[in-house]
Amino acid sequence: MPRPPSAGYTLIEVVVALLLFTVGALALVATSAVVGRELNANAIRERAGRMAESRLEMLGARCRAATAGREARGGIEAEWSVDFPDSAHVSLLESIVYPTRRGSRTDSYRVTVPCPP
């Protein structure tokens, strides 16, 4: 006499399902770690860019009174130079050095601003 089919899953089906779930969960954890590191790196890069933008705006506003200098704040180092190509313009160059996972990175920003008469 044949046995009626029983409801439920076999042991092999449960093991395969757990294996697939584990692989998916590990992939999700690894991806979230990479995303977290990139978010941190982007936050530092953005802070450095805002620091440079702010400095260049302040120097451009002072125009003929602008002077070269350097500043370090929150692990970010900034150094800027001022040049006067002619009497109506000021040329500004700022270099920002900030830490990354692979060492430090330097971004340079250059702008020429007209001085008000």
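Every read-out reported here was derived from the displayed coordinates using simple, explicitly stated rules and does not represent laboratory data. Given the structure is predicted, the values throughout are model-derived calculations rather than measurements. For neighbour counting, all protein chains shown are included, and Cβ atoms are generated from backbone atoms with ideal geometry for every residue, glycine included.
With r defined as the distance between the Cβ atoms of Leu28 and Arg102 and R0 fixed at 22 Å, what FRET efficiency is calculated, to the nearest 0.05? List each step's numbers first, then the result.
On the way: r = 25 Å, r/R0 = 1.15.
After rounding to 0.05, the efficiency reads 0.30.
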Coil-residue GluC sites (Glu not before Pro) of region 60-117, DSSP, other Cβ within 10 Å capped at 12: none
Relative contact order of the chain, pairs being alpha-carbon contacts under 8 Å that are 6 or more residues apart, as %: 19
Helical mean residue ellipticity (222 nm; -39500 (n - 2.57) per DSSP H run of 4+; nearest 500) of the chain: -16500 deg cm²/dmol
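Could you give the size of the charge dipole of the chain about its Cα centre, using +1 on the Cβ of each K and R and -1 on the Cβ of each D and E, expressed in debye and rounded to the nearest 20?
The calculation lands at about 280 debye.
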Local net charge near Thr31, Cβ-Cβ under 13 Å (Lys/Arg +1, Asp/Glu -1): 0
Rounded to the nearest 20 debye, dipole of region 1-70 from Cβ charges on Lys, Arg, Asp, Glu: 540
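Starting from region 31-117, pick out the trypsin sites (Lys or Arg not before Pro) whose DSSP state is loop and whose Cβ has at most 11 other Cβ atoms within 10 Å.
Of the trypsin sites (Lys or Arg not before Pro), the ones in loops of region 31-117 whose Cβ has at most 11 other Cβ atoms within 10 Å are Arg101, Arg102.
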Option label - semi-axes √(5λ) of the Cα gyration tensor in Å computed here, alternatives (i) 62, 13, 9; (ii) 51, 19, 11; (iii) 25, 23, 11: (i)
